[in-house]
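Contents: one structure, followed by commentary.
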Amino acid sequence: MESEASLGDSPGRPSTVSEALDALDLGAFHWLHLARMIGAWMIFAMAQESTSYMFSGLKQDFAADDAGIARFAASFHLGCVIGAGLGAVAVDVFGRRLSVLLGAPAAALLSFSACYSASLLQLTIARTLQAAAWQITIMGMQTWYIEFLPTQHRGSLQAVFCLGWPIGRGVVILSSSQFGDSWQFFMMLSTFSFLCLAAYMSCALESPRFLVANGRSAEANHVLSTMYKMNGKDWDSDSDLRLDGASLQSGEDWLGMLTTSYRCRFLFSLSVFGILSITTVLIDTWGPAAFQKFFFPGSDELPHSILLLFNLGDLMGVTSAIFLNDRLGRRGTFSLGFFAQGSFYLAMLATASIPGTPGTAIAIGFGTLAAVCRCFAWEAASMWTLEAFPTRLRGKVLGIAQCWMRLLSVASLQASAHVLGTQHPITALKTFGLLLIAGGAIVTASLPTDTAGVPLSEGPADPGSSKTGSRV
């Protein structure tokens with residue numbers, strides 16, 4: 001009691017990691033931290049978004065039919081199910097940074113081996129294993145990144161790194177226009193990029209929250225000392241950092257916490273990621289082919305120029321999210337991501353009755369606006385899940401939610417392949433729009449609490465209010 005009182009009586013001396021991070025103004029460390037995450041997000045995007053652009057090469061090299069294409073598309077999500085299960089343990093047991101250093105080289109090796117696949121089955125298996133390593137790596141990066149951020153700028157700094165995704169997708173689209181049917185090129189691109197990720201993350205610091213949560217206060221002090229030094233500030237390396245969350249000091253196991261204190265939040269996280277599996281995942285996978293049939297029904301070539309324009313719209317959306325995420329709150333960003341995006345896809349359908357160039361131009365405009373809204377729901381789901389749970393649960397909940405989403409994605413892709421993947425684009429666009437609007441209604445009505453601008457909670461969750469517990 002005396003030690004806690006002395007800490008509290010020391011003016012200006014942080015006693016928890018949250019206080020230490022919030023007391024450090026943005027500086028060189030934060031910009032390097034952000035640059036690492038933007039680069040990682042580009043790498044993750046190039047690996048995942050390349051799926052749709054390998055279809056024509058698979059048809060050419062392996063004579064893949066619709067069922068084979070659907071299995072290949074689903075293999076990435078199946079691998080993510082495996083990776084999420086492993087990552088839920090690895091991220092909280094081995095650490096955030098070490099999980100990345102294990103996952104990234106594994107993803108590079110599996111990407112390289114996939115280039116030598118002699119059959120579609122071999123490639124599908126290699127893609128599944130690559131995705132498992134991809135999932136472990138992205139979970140490590142997400143939890144690692146957020147646990148360094150100050151409360152005041154957390155929403156904006158989480159939105160900024162998402163700029164890497166449309167940039168990575170743009171690389172994929174441009175590569176597809178240049179290298180055409182070469183699925184091997186995309187695998188080699190992943191090999192090189194994951195090796196780069198492993199190289200620069202080997203120089204990164206471990207999360208101070210994770211270190212304190214695991215009783216490694218001396219190491220956490222070293223991390224904070226390095227951060228402060230990079231920003232031109234001094235840190236007292238003898239600080240007695242503590243983890244004072246009541247729920248973490250109790251003997252309650254993490255599974256018990258998910259079924260009692262954090263039950264409502266846990267169920268909401270599963271719900272929102274499940275909805276993403278039947279909305280955003282379907283659009284990302286079958287969207288390029290649907291847009292091709294909608295705009296150029298007589299062509300077999302993907303409309304690369306239009307896809308690049310839509311990608312530019314996504315980039316604009318991510319940029320606007322930097323300024324809107326915390327102002328609108330998580331509920332507001334969910335509304336943009338689901339209701340607005342769905343409405344714009346349905347608006348595209350109305351242009352089908354407008355003949356000629358004017359109808360096409362209006363449809364492209366609505367499609368671009370839908371792309372602007374794309375990022376909001378995905379970002380809000382990830383942000384909310386990372387913000388709503390304490391350090392001890394953060395990696396586990398993200399892993400379980402991602403596992404659930406990918407498992408549902410496998411089922412939804414298999415079920416929708418013969419409808420959204422091959423049928424008239426009007427059916428696909430109508431399905432995209434209606435699913436998004438229905439999903440938005442469920443998410444906004446069931447959101448337990450808005451976590452925007454609130455310190456990361458370490459105490460017991462209060463489902464009935466937006467109050468936070470103690471901090472780490």
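Hey, could you check region 270-305 for residues that are part of a loop (DSSP other than H, G, I, E, B) and of a type in the set (A, V, I, L, M, F, W, C) and say which is surrounded by the fewest Cβ atoms within 10 Å (Cβ to Cβ)?
The selected residue is PHE296.
Take region 417-431 and flag every residue that is assigned to a helix (DSSP H, G or I), surrounded by fewer than 19 Cβ atoms within 10 Å (Cβ to Cβ) and in contact (Cβ under 8 Å) with a residue 60 or more places away in the chain.
If the condition is that a residue be assigned to a helix (DSSP H, G or I), surrounded by fewer than 19 Cβ atoms within 10 Å (Cβ to Cβ) and in contact (Cβ under 8 Å) with a residue 60 or more places away in the chain, then ILE426, LYS430 are the ones that fit.
Please specify each residue of region 211-238 satisfying the condition of being free of Cβ contacts under 8 Å to residues at least 40 places away in the same chain, in a loop (DSSP other than H, G, I, E, B) and open to solvent by 80 Å² or more (accessible area, probe 1.4 Å).
ARG216, ASP234, ASP238, listed by residue number.
Restricting the search to region 192-210, which residues are in a helix (DSSP H, G or I), surrounded by fewer than 19 Cβ atoms within 10 Å (Cβ to Cβ) and either at pLDDT below 95 or not hydrophobic (A, V, I, L, M, F, W, C) (or both)?
TYR200
Can you list the helices (runs of 4 or more DSSP H) lying wholly within region 52-160 that have 3 or more residues being of a type in the set (Gly, Ala, Ser) and in contact with a Ser or Thr (Cβ under 9 Å, 6 or more places away or on another chain)?
Per the criteria, 66-93, 96-114, 120-146.
If you check every pair at least six apart or on different chains, which have Cβ atoms under 6 Å apart with a residue in region 135-150 that is in contact (Cβ under 8 Å) with a residue 12 or more places away in the chain first and a residue that is crowded, with 24+ Cβ neighbours inside 10 Å and outside any helix (DSSP H, G or I) second?
What qualifies is TRP144/SER207; GLU147/SER207.
Only one of these is in a helix (DSSP H, G or I) and among the aromatic types (Phe, Trp, Tyr): PHE389, PHE339. Name it.
Going through PHE389, PHE339 in turn, the sole match is PHE339.
Given the structure, is THR357 of a type in the set (Val, Ile, Thr), farther than 25 Å from ALA441 by Cα, out of contact with any Phe, Trp or Tyr (no Cβ under 9 Å at 6 or more places or on another chain) and in a helix (DSSP H, G or I)?
When the stated conditions are applied, THR357 passes them.
Return the residue satisfying two criteria in turn: it lies in region 152-191 and is open to solvent by 30 Å² or more (accessible area, probe 1.4 Å) and among the β-branched types (Val, Ile, Thr), and of such residues it is nearest to the chain's Cα centre (by Cα).
This residue is ILE167.
Within region 306-321, how many residues are among the aliphatic types (A, V, I, L, M), crowded, with 17+ Cβ neighbours inside 10 Å and under 18 Å from the mean Cα position of the chain (by Cα)?
So the answer is 3.
Tell me whether region 432-449 contains one or more residues that are open to solvent by less than 30 Å² (accessible area, probe 1.4 Å), modelled with pLDDT of 85 or more and polar (S, T, N, Q).
yes
List, please: which pairs have Cβ atoms under 8 Å, are six or more places apart or on different chains, and start with a residue in region 394-413 that is without any contact (Cβ under 8 Å) to a residue 12 or more places away in the chain and at positive phi and end with one that is assigned to a helix (DSSP H, G or I) and among the hydrophobic types (A, V, I, L, M, F, W, C)?
none
Restricting region 116-135 to residues that are under 21 Å from LEU195 (Cβ atoms) and over 26 Å from the mean Cα position of the chain (by Cα), which is surrounded by the most Cβ atoms within 10 Å (Cβ to Cβ)?
If we take residues in region 116-135 being under 21 Å from LEU195 (Cβ atoms) and over 26 Å from the mean Cα position of the chain (by Cα), then SER117 is surrounded by the most Cβ atoms within 10 Å (Cβ to Cβ).
Inspect all residues belonging to region 63-75 and state whether any of them is modelled with pLDDT of 90 or more, open to solvent by less than 60 Å² (accessible area, probe 1.4 Å) and among the polar types (S, T, N, Q).
Scanning region 63-75, I find at least one residue that is modelled with pLDDT of 90 or more, open to solvent by less than 60 Å² (accessible area, probe 1.4 Å) and among the polar types (S, T, N, Q), so the answer is yes.
The values are calculated or read from the model by the stated rules, or taken from the named source; none is laboratory data. Predicted model, so just to flag it, every value in this text is computed and none were measured. Every residue, glycine among them, receives a Cβ derived from its backbone with ideal geometry; neighbour counts consider all protein chains shown. Protein only, heavy atoms only, side chains kept; ligands, DNA and RNA dropped before computing areas. Shrake-Rupley method; radii C 1.70, N 1.55, O 1.52, S 1.80 Å.
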